[in-house]
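Engineer: Here's a structure for you.
The values are calculated or read from the model by the stated rules, or taken from the named source; none is laboratory data. Since this is a predicted model, take the numbers as computed values, not measurements. We place every Cβ from the backbone using ideal geometry, glycine too, and count neighbours over all the protein chains shown.
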Amino acid sequence: MDEIDKRIINALQDGFPICAAPYRQVAAQLGLSEQELIARLKALLDNGSLTRFGPLYNAEQMGGALTLAAVKAPIERFDEVTEIINAFPEVAHNYARNHELNMWFVIATETPEQIQQTIAAIERQTGLSVYNMPKNKEYFVNLKLEA
Amino acid sequence: MLDETDRKIIQATQAGLPLTPEPYQTIAEQLGLTADNVMMRLTAMQNSGIIRRIGAVPNHYKLGYRFNGMTVWNIPDEVIDELGQKVGQLEFVSHCYHRPRHLPEWPYNLFAMVHSKSQEGVDEQIQRIADLLSSYNQGCDVLYSSKILKKTGFRTST
């Protein structure tokens, strides 16, 4: 990743225009050619420097539901519990964290009722209590990080 | 409200925007629409908040942000909205939410994600949040992710 890549990443975290030739417009602002911008973006996506490029949708605004949940997975059952939880297509992300509540995952479903159903199914299959922590309020969401 | 055409556009762009000189035209051709129609609908979805923004999401780790902490705080309910707004405005906080407690073992109701390239950097960020919360901070913890067990995109209702 060189200086030009960093400038591209920083610029594109702020937004992308909706117009006939948006890459040309952004490229001009960065002093690049349209082809170079597209080629570099493709490389940044291919090598994993960018996880996504495009519209970022707000699941809840589309009628979907989202929650953050956690379990205390006994160390000796950690892999087994991981496998059970990851097998749910409703589980979008799952992270191991250094706490007694050591597995934290995001559940995304089409309806709020399906969140409860998914939690009940996870509790049934793992035998563990699921700590459901849906957001009461969102104060801020911005993924921007300086490259 | 989203209609059938909006949902088709959402599905077509969930994995990302085409890397073609005229990406909205490319989407339009896939769906049998005009580029103007696609652009108009994307603009409307952006204005209504269904699209947070169109842009790039970097991989934290690849940018050198290897220290990503979920900081959690126990804040009195009567001041949490005011303080949550302030914590969310700190430039190093990427997400900030009010979530329910699970007493007695989980007393924390304010969650703020912080990101840094060093442990010292995270420690400093946590100190700045603690300073801002001052005496309203009735306890806190920081959970670092030790492993990504699963990461996929969100599915949408279509």
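Engineer: Considering only residues that are within 8 Å of another protein chain (Cβ to nearest Cβ) and in contact with a Phe, Trp or Tyr (Cβ under 8 Å, 6 or more places away or on another chain), look in region B:35-44 and name the one that is surrounded by the most Cβ atoms within 10 Å (Cβ to Cβ).
Structural biologist: Residues of region B:35-44 that are within 8 Å of another protein chain (Cβ to nearest Cβ), as a first pass: B:35, B:39, B:42-43.
Those still in the list that are in contact with a Phe, Trp or Tyr (Cβ under 8 Å, 6 or more places away or on another chain) too: B:35, B:39, B:42.
On the way: B:35: 17, B:39: 19, B:42: 22.
Going through the qualifying residues, I end up with B:42.
Engineer: Another question, then. Residue check: is residue A:73 more than 8 Å from every other protein chain (Cβ to nearest Cβ), within 24 Å of residue B:105 (Cβ to Cβ) and under 19 Å from the mean Cα position of the chain (by Cα)? Before you say what the answer is, go through the steps one by one.
Structural biologist: On the way: more than 8 Å from every other protein chain (Cβ to nearest Cβ): yes; within 24 Å of residue B:105 (Cβ to Cβ): yes; under 19 Å from the mean Cα position of the chain (by Cα): no.
Against the criterion (more than 8 Å from every other protein chain (Cβ to nearest Cβ), within 24 Å of residue B:105 (Cβ to Cβ) and under 19 Å from the mean Cα position of the chain (by Cα)), residue A:73 does not qualify.
Engineer: Let me ask something else about it. Tell me the residue from A:64, A:54 that is in contact with a strand residue (DSSP E or B) (Cβ under 8 Å, 6 or more places away or on another chain), under 17 Å from residue B:152 (Cβ atoms) and not assigned by TED's automatic domain parsing to the domain that holds residue A:123, please.
Structural biologist: Numbers: A:64 fails: not assigned by TED's automatic domain parsing to the domain that holds residue A:123.
Being in contact with a strand residue (DSSP E or B) (Cβ under 8 Å, 6 or more places away or on another chain), under 17 Å from residue B:152 (Cβ atoms) and not assigned by TED's automatic domain parsing to the domain that holds residue A:123 holds for just one of A:64, A:54, which is A:54.
Engineer: I'm trying to understand the selection: among the residues of region B:3-18, which are closer than 17 Å to residue B:53 by Cα and not charged (D, E, K, R)?
Structural biologist: Correct list: B:9, B:10, B:11, B:12, B:13, B:14, B:15, B:16, B:17, B:18.
Engineer: Which condition breaks for residue A:35 when tested against (1) exposed (fewer than 15 other Cβ atoms within 10 Å of the Cβ); (2) closer than 26 Å to residue B:40 by Cα; (3) at the interface with chain B (Cβ under 7 Å from one of its Cβ atoms)?
Structural biologist: Exception for residue A:35: condition (3).
Engineer: Could we say that residue B:9 is of a type outside the set (S, T, N, Q) and surrounded by 21 or more Cβ atoms within 10 Å (Cβ to Cβ) here? Break it down stepwise before answering.
Structural biologist: Values: of a type outside the set (S, T, N, Q): yes; surrounded by 21 or more Cβ atoms within 10 Å (Cβ to Cβ): yes.
Considered against the rule, which asks whether it is of a type outside the set (S, T, N, Q) and surrounded by 21 or more Cβ atoms within 10 Å (Cβ to Cβ), residue B:9 comes out as yes.
Engineer: Next up: In region B:61-71, which residue that is within 9 Å of another protein chain (Cβ to nearest Cβ) and buried (at least 20 other Cβ atoms within 10 Å of the Cβ) is farthest from the chain's Cα centre (by Cα)?
Structural biologist: The selected residue is B:65.
Engineer: Can you name the strands (runs of 3 or more DSSP E) wholly within region B:1-107 that have at least 3 residues being at pLDDT 95 or above? First the steps, then the outcome.
Structural biologist: Details: elements: B:51-58, B:67-73, B:93-98.
Result: B:67-73, B:93-98.
Engineer: Show the residue pairs meeting these rules: Cβ distance below 6 Å; 6+ apart or different chains; first residue within region A:1-18 and at the interface with another protein chain (Cβ under 7 Å from one of its Cβ atoms) and closer than 19 Å to residue B:17 by Cα; second residue basic (Lys, Arg) and part of a helix (DSSP H, G or I).
Structural biologist: Partner pairs satisfying both residue conditions: none exist.
Engineer: Answer yes or no: is there a residue in region B:75-88 that is more than 30 Å from residue A:63 (Cα to Cα) and in contact with a Gly (Cβ under 6 Å, 6 or more places away or on another chain).
Structural biologist: no
Every residue, every condition in (1) touching a Cys at 6+ places or on another chain (Cβ under 8 Å); (2) farther than 16 Å from residue B:139 by Cα, yes or no:
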position	(1), (2)
B:61	no, yes
B:66	no, yes
B:71	yes, no
B:75	no, no
B:80	no, no
B:87	yes, no
B:92	no, yes
B:96	no, yes
B:99	no, no
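Engineer: Only one of A:98, A:102 is within 7 Å of chain B (Cβ to nearest Cβ) and surrounded by fewer than 20 Cβ atoms within 10 Å (Cβ to Cβ); which?
Structural biologist: Working: A:102 fails: within 7 Å of chain B (Cβ to nearest Cβ).
Going through A:98, A:102 in turn, the sole match is A:98.
Engineer: Among A:88, A:78, which is within 10 Å of another protein chain (Cβ to nearest Cβ) and closer than 24 Å to residue B:67 by Cβ?
Structural biologist: Numbers: A:88 fails: closer than 24 Å to residue B:67 by Cβ.
Of A:88, A:78, the one residue that is within 10 Å of another protein chain (Cβ to nearest Cβ) and closer than 24 Å to residue B:67 by Cβ is A:78.
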